[in-house]
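Working notes, structure below.
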């Protein structure tokens, strides 16, 4: 029999609903797992065991009283430490915000609580959710990075410290850590998930992400959290179709293989493994080459992201520059140097690429492409190269990393699927099909 912490979210929720497990039992099991592994992994920026158990006791009491319960009632969840929580610190892994206590929950957290989730604690992020790493190690090999900036969330899922976790992505901060840690990391379309109460970098690029050990877990979480946010200028899209229902379609997807403009940055071993995986899928996958304009994606992303971070950190940089890392200060200074003309050009490039991608991707349910440039590098080498998500994040397209490959040194190597613009249901259906049907050799 598997340990409780190894069970998928859907199984845990079914057991909770049936009364065969209590929220206290489930929360206690995950807290014991954290106690066992956290001294080595360092996934948590803040953890209050008594508060987590108090939430669980309340959840059990509400169930005993016959109250109407939410979809996630009694299930533990981790929250990245750039997402506000009214009962816990949110410090951005920066001395500038040490001890910061928000007065209200981020919209995502409020929806988690309304659904009955147990907020276990805050997971480690890199400084201001950019490139300066926190203390977190990769559970598969402690000498290697879990990626950034959603390092704590990815490591917590990989180490089975929680069944679900919130992440974010402005460049590659959900997909890359998921690839490195051998978990499912899903970045929905821009506008699907509310961003109120989350550290802002660039409004055209900031997108919350979701992490679990299986596709059903992130689909369930998205179904609970998606919906309009009147305080988020990007939240104007129609309601999200049920992703849990999309998983049940069972139809073999139409897939394309895109090496991307940055293919040469993927190491040779990882290129070979991904190409072999694609070949194993046979004629259900068609090769697809992107036209030259897509080569400009990285520069457009850099320009938009840099100016956004420069504006977000303007006062902090002016008043407390000495307390920032040289990496963060360099990003801010680069963003300050961008001219208005260059920013407008970058935004126009983004819209042109979105229009072109909408047409190019129309015949396919999803695109297969690298999730990272290789396996997780050593922690001494940083949080890894984000380039394999840059184009897709710039487009605001839905993307997911699936733990379907093993790379060099026995470390995980994710396979990224990218969906059509605003077609999250199609992406999740394709991801679920691959999760069930990927050839066995791809998993070895």
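For segment 249-294, a residue qualifies if it is on the phi > 0 side of the Ramachandran plot and in contact (Cβ under 8 Å) with a residue 24 or more places away in the chain, and the qualifying residues are 250, 260. Scanning segment 82-101 for residues that are within 17 Å of residue 135 (Cβ to Cβ), assigned to a loop (DSSP other than H, G, I, E, B) and in contact with a helix residue (DSSP H, G or I) (Cβ under 7 Å, 6 or more places away or on another chain) turns up 82, 91, 92, 93, 94.
Restricting the first member to segment 318-343 and to residues that are at positive phi and modelled with pLDDT of 95 or more, and the second to residues that are surrounded by 15 or more Cβ atoms within 10 Å (Cβ to Cβ) and outside any helix (DSSP H, G or I), no beta-carbon pair is closer than 6 Å while six or more apart or on different chains. Taking segment 238-264 as the range and being exposed (fewer than 14 other Cβ atoms within 10 Å of the Cβ) and either within 22 Å of residue 394 (Cβ to Cβ) or in contact with a strand residue (DSSP E or B) (Cβ under 7 Å, 6 or more places away or on another chain) (or both) as the test, only 264 passes. From the list 305, 324, 284, pick out the single residue that is buried (at least 20 other Cβ atoms within 10 Å of the Cβ) and under 30 Å from residue 362 (Cα atoms). Among 305, 324, 284, only 305 is buried (at least 20 other Cβ atoms within 10 Å of the Cβ) and under 30 Å from residue 362 (Cα atoms).
Using the structure shown, decide if residue 133 is in contact with a strand residue (DSSP E or B) (Cβ under 8 Å, 6 or more places away or on another chain), farther than 14 Å from residue 403 by Cβ and crowded, with 24+ Cβ neighbours inside 10 Å. In short, no.
Take the conditions modelled with pLDDT of 95 or more, under 24 Å from the mean Cα position of the chain (by Cα) and either at positive phi or in a helix (DSSP H, G or I) (or both) and apply them to residue 297. Does it pass? So residue 297 fits the description; yes. One residue alone among 302, 348 is over 23 Å from residue 198 (Cα atoms) and assigned to a helix (DSSP H, G or I), and that residue is 348. Note on segment 395-444: residues that are in a helix (DSSP H, G or I), in contact with a helix residue (DSSP H, G or I) (Cβ under 6 Å, 6 or more places away or on another chain) and either without any contact (Cβ under 8 Å) to a residue 40 or more places away in the chain or farther than 20 Å from residue 221 by Cβ (or both) total 3.
Rundown of residues vs (1) touching a strand residue (DSSP E or B) at 6+ places or on another chain (Cβ under 6 Å); (2) closer than 15 Å to residue 166 by Cα; (3) surrounded by 16 or more Cβ atoms within 10 Å (Cβ to Cβ), yes/no style:
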| residue | (1), (2), (3) |
| --- | --- |
| 68 | no, no, no |
| 72 | no, yes, yes |
| 77 | yes, yes, yes |
| 81 | yes, yes, yes |
| 84 | no, yes, yes |
| 87 | no, no, no |
| 97 | no, no, yes |
| 103 | no, no, no |
| 107 | no, yes, yes |
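When segment 109-122 is limited to residues that are in a helix (DSSP H, G or I) and out of contact with any strand residue (DSSP E or B) (no Cβ under 9 Å at 6 or more places or on another chain), the one that is surrounded by the fewest Cβ atoms within 10 Å (Cβ to Cβ) turns out to be 114. Scanning segment 345-361 turns up no residue that is touching a helix residue (DSSP H, G or I) at 6+ places or on another chain (Cβ under 9 Å), farther than 30 Å from residue 256 by Cβ and surrounded by fewer than 17 Cβ atoms within 10 Å (Cβ to Cβ).
Each residue in segment 202-215 was checked for being under 23 Å from residue 183 (Cβ atoms) and part of a loop (DSSP other than H, G, I, E, B), and 4 of them qualify. The residues in segment 1-43 that are over 25 Å from the mean Cα position of the chain (by Cα), crowded, with 19+ Cβ neighbours inside 10 Å and assigned to a loop (DSSP other than H, G, I, E, B) can be counted, and the count is 1.
The values are calculated or read from the model by the stated rules, or taken from the named source; none is laboratory data. This one's a predicted model, so the numbers in the text were calculated from it and none came from an experiment. Positions of Cβ are backbone-derived with ideal geometry, glycine not excepted, and every protein chain shown enters the neighbour counts.
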